[in-house]
1. Name the residue, out of B:Gly686, B:Gly677, that is more than 60 Å from the chain's Cα centre (by Cα), at positive phi, at pLDDT below 75 and within 7 Å of another protein chain (Cβ to nearest Cβ).
2. Spot the failing condition for A:Thr117; the list is (1) within 11 Å of chain B (Cβ to nearest Cβ); (2) without any contact (Cβ under 8 Å) to a residue 60 or more places away in the chain, and only one is missed.
3. Can you tell me which condition B:Ser389 does not meet? The list is (1) open to solvent by 50 Å² or more (accessible area, probe 1.4 Å); (2) farther than 27 Å from B:Asn333 by Cα; (3) touching a residue at least 12 places away in the same chain (Cβ under 8 Å), and all the others hold.
4. When you check A:Phe35 against the structure, is it open to solvent by 10 Å² or more (accessible area, probe 1.4 Å) and of a type in the set (Phe, Trp, Tyr), yes or no?
5. Suppose we keep only residues that are open to solvent by less than 40 Å² (accessible area, probe 1.4 Å) and under 14 Å from the mean Cα position of the chain (by Cα) within region B:326-366. Which one would you say is nearest to the other protein chains (Cβ to nearest Cβ)?
6. May I ask you to list pairs of residues, at least six apart or on different chains, whose Cβ atoms are under 7 Å apart, with the first in region B:179-206 being under 18 Å from B:Asn168 (Cα atoms) and the second being among the hydrophobic types (A, V, I, L, M, F, W, C) and part of a loop (DSSP other than H, G, I, E, B)?
7. Go through region A:341-368 and give me each residue that's within 14 Å of another protein chain (Cβ to nearest Cβ) and open to solvent by less than 50 Å² (accessible area, probe 1.4 Å).
8. Tally time: how many residues in region B:409-455 are more than 15 Å from B:Leu375 (Cβ to Cβ) and of a type in the set (D, E, K, R)?
Amino acid sequence: MAKNKSVAKVKQQYEFLLTGDLKYSCDVWISYLKFTIDFIDEHGLTDLIALFERARKVIGFDYWKSEQFYLLYLQSIITYKPKNYLLIYYTLVRIAVEVPMYNYRVFHQIWLQFLGTLKYNQMKYLKMLNKQLQPQKTSKENLLKVSKLKWKKSLTDLYITTQYKSYELFKWEKQLANDNSIDIWKSYLQFVIVNYPSNYCESLFERALLEHSAESSLWWMYASWLLNQQKPMAARQTLYRSIKHLVQQESTIARLVDMELYARNYLKARDLLLGYMESTSNSGNNVILFEKLIMVELVVHANDEGYILGLFKDFLNELGAEEVEDTIGYICYRLSLIQSIDVELRHELIMKYSSNSSSFYKLAICYITQQLKQSQPATEPQKPNFNLLIETYL
Amino acid sequence: MNSFRPIDLVRLSNKNELNANIPHERLKLQINENPMAISGWDQLFRLIDDTVAQLYDKSNTDAINSQFKQFIHNTYSEFLARFPCAESYWQKWLVIEYKLHNDKSKSIAVLKNAVDLVPGSLALWNDYLDILIDDYENCATPTIVDQKLELLRSEFPRAVSAVGWHFNADTLWDKIIQFELKLQLQSQEALAYYKQVVRIPLYEYSRYYMHFTEFIKQFDLEKSFDLNIFAPHFSTYGVTSVEQLTNEEKKTIVDSHYESLFQETQKWVTAVWPFESQITRQFFIPTEIEVIAQETSKWIEYLDAIILLHKESPTPVSFDFVSSIFERSLIPNCYNENLWLKYIAFINKYEVDEKAKDIKLTSIFNRASTLFIPLEETELRSLYIKYLSSTGGFSLANEYCFEWIKNLDGSTFSRYLKKPYLAFVGYLIDLWENHMSSVDLCLITLIIIIDFFDKVDSYNKKQEIKLVDSSLKKNSKFDYGYVNTLSKVLNASSICIIVSKHLHLLLKSQGPESYKAIRSFYNKYHEEDALKGSTKFWKFMVEHEGIIKFNINNLRSIIKFIKTKTNLPKSSVDALTDLVYDIYTSNYDAVLAVGQIDDTVVRHWNDVDNSLSINTDAFLRFSENNYLVDDIVSSKRPPVRLSKEEELKRLYKLNIGNPGIMVDKSPNVVNSLIFDGKHISLVDIGDGNNTEKLVPPETPMFRNVEKANQAIEYPKYLNI
């Protein structure tokens, strides 16, 4: 009993590991599977296969290590012979042969051996007999022989196809083996996104993230790709996962706020933002976070223009004179865009900083005056002042 | 240096007339490919020199055939039209012209042309006067000697005013004074030149002063010098007229007058010496463009310092002096637009005589604009338009604009120079805006736009134009012919300038109701190909719907169109997407109030991504505007025809692993077990509660397996 208890505890530990970011680690999975096989009891077979299936979804496409996984899987099926083990075995080999991987030859050979040992009944059961030949009267032996030959040809074609794909991917894998840089990963991912189905891409993204978890651009690429797959929830989850790996978190928090608002989780967005602002020092002056705060407050405190304007005033006051002009200019620009505050009030606040010469401030002035008076009286044409224009060149 | 010059607007030698079998004509053909490269020209000139040296026979000028003579003439004149400031080539040319024709008048003609084109060149003036003097002195026919003297006497003042202020102009002054003294010892002309030269800060200024003081001893001072010199001293000597002064007294007065002038001159020489000593390139040498460019800043420092001196105590003398330094600096820096503008600014500010100012400015503008400034640089030319417009020359300004537009639009000149062409269309519209009310210009631009786009529906077009036209003619004195002229030279890029102006004018002139006109304009024209590529148009629309008339629905459809249909550069789309994102996040309450699910905000980072696999809207946009895709789609018939997007996807797939090299047949399993996106579960086979029973997988089927080992077809230019 004590042994069972500790086995259960170890499994629990494995499961815990696999809920986190090591979920896609081949090493953890294989070690877990081996451990489960080592301590298998008489009822454990169904659980084992279920576990293998879980693992296959996650690490079944790994270029380097899936070989090890499939071998282990096949080995277990031969050893424990679950119900219908022949069909499972056959289907599994058939799947493994298609996966482009470094050692793609192995499963081809396994299947050839497997084919060689099959008997007429087994062939029939696996529906591997060549049906086209059946109408003619022919002996079982002959049918078996012809079918096997036919299958060999088919296997060769499959071999060529997988080989081609493996070589294609090897271009990147080779580069990555020498130089594990983010750019190569991105180029690799782009190739895979265009040519492979989404589950394959997903596992490659996860593999890349195991290497470069501190790279925000990779997380963002992943999230953007998930959005393209119409999976906004998964994209959001991915960004939540990314936060603890990143040094610069502001922009990811900001993007998450966008996503929470899109999902209409207004209060969650607000909590996320305020929680982050409280936890980090000096976030009061952060422009990105302030932008998002305004966005959230616009939703939560809609129709309260005094409150929003107050936020702007406070922020600008805290900036003080020593802050760079650009920041003040940018904040004014953002203010000029907010239509729910009365234009006169916005204009008044923006004009306080009229000595500002940054390009964003000029834009703010341009936008706010356009809103202020939407029509100008038609003025008389003015001739250009040549003297003034040419003076600057002297 | 590899930009186009005004000379490129004139076709000098026709390609077809040149024969590639003749060595020098073959070289000329090569030069035509890249006429700004000096090495090719030098090679040709060397070849010409060698050929002439071989064939040259002093007694027989016909030893060289007239065709070759004409070729040499054309070559030099084309080269010097391209590099007018290259003095040494002018000198080469005049020698060779003399050799070929054994006729001095040919060389004189060359030099006369040279000093007209480059009046600031001391070396060319020296050569010119030398040859004229020589011609006069060796003239044996008494009837034309006087004519030649007259010519000389008329050219001397021109030379003096053009290069007499050159710091090293002593050679010129010596030449002139010596010539006059040779004719007559007590020459009044020589005295007049002396009076001028002692006031000029020359390198050898003191020598002239010494000569001058000696020289005037021969003259009757009272007759030779102006009363103004004596008058201030009458009270000192207790007299009331010049006659009452003794000769001694007159001499003292004249001496002290010129002594003070001498000191003034000395002051100027001291001021300019530090600058003059630093400048090593006084001439334009085509091979030393980089050295010249390095010295430009020295010239500018020099000019700034001297302008400052002039500003403190402006006199006609110092004005002439500064002008002469400008003229000199513009020989090596003749392609420098800013320096020309500085010169113009100086004349504009410090020339007091209004009439002289106008003549000078017009001449400088014309010289710079038609001879030197590269075609891509339009600042000076735009200022000339403004100058004309501000001095009342509206029609002149129009003609000037049209001339340039026609030159640059590709119809007369074989190449279309887009940037300056568009700039001039813009200047023209600005010019009109300065001369008529915005309501009128709004109508005019509308006529032009209708005329441009509605070519098919000509009946309605005519009706509309008539309507607008009649209301316009009543109000305006504007020459309607300009509108037709402009309509003829517009293209898909320049119409966007007119559209953008029209929309701004609508906004300005129609008051609160303007949005109706703007929106109907958008609905009518936004799918025009020309506008799909106009950043200005789309920026206007985004700002109008997002900021001025805040309407989130319109904004959404506009940005969607921008992202998926337009032909804008990526940076423009990104900037507009950023702006829309800012507008959305600043008004998220309004976005939610619309009620529709709007993913513009969450998809923003996809929309600005640089990868086509992530940025799906950009993918759509490219498929709309890709000529390869257009070709493929139109070449296929409906059953196999794919949509533009799918066709681009196919192309993209073929390219992505190996950009630029199409691998169009990769082997595939058609009924793949893993790559169709489904996951076949192997769990719980045969259990009662399993609804999906595991069935044996189908026999695999293949596509393109036989082509897996085919050699890749590399493009020919790769030479693999």
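1. Details: B:Gly677 fails: more than 60 Å from the chain's Cα centre (by Cα).
One residue alone meets the criteria, B:Gly686.
2. (1)
3. (1)
4. Numbers: open to solvent by 10 Å² or more (accessible area, probe 1.4 Å): yes; of a type in the set (Phe, Trp, Tyr): yes.
Yes, satisfied.
5. Looking at residues that are open to solvent by less than 40 Å² (accessible area, probe 1.4 Å) and under 14 Å from the mean Cα position of the chain (by Cα), I get B:Leu341.
6. If the second residue must be among the hydrophobic types (A, V, I, L, M, F, W, C) and part of a loop (DSSP other than H, G, I, E, B), the pairs left are B:Ile200/B:Trp165; B:Leu202/B:Phe167; B:Leu202/B:Ala169; B:Tyr203/B:Phe167.
7. Those that are within 14 Å of another protein chain (Cβ to nearest Cβ) and open to solvent by less than 50 Å² (accessible area, probe 1.4 Å): A:Ile341, A:Val343, A:Arg346, A:His347, A:Ile350, A:Ala364, A:Ile365, A:Tyr367, A:Ile368.
8. 6
The values are calculated or read from the model by the stated rules, or taken from the named source; none is laboratory data. A quick note: this is a predicted structure, and the numbers were derived from the prediction, not measured. Note that we place each Cβ from the backbone using ideal geometry, even for glycine, and neighbour counts take in every protein chain shown. Only protein heavy atoms, including side chains, enter the accessible area calculation; ligands, DNA and RNA are left aside. Shrake-Rupley method; radii C 1.70, N 1.55, O 1.52, S 1.80 Å.
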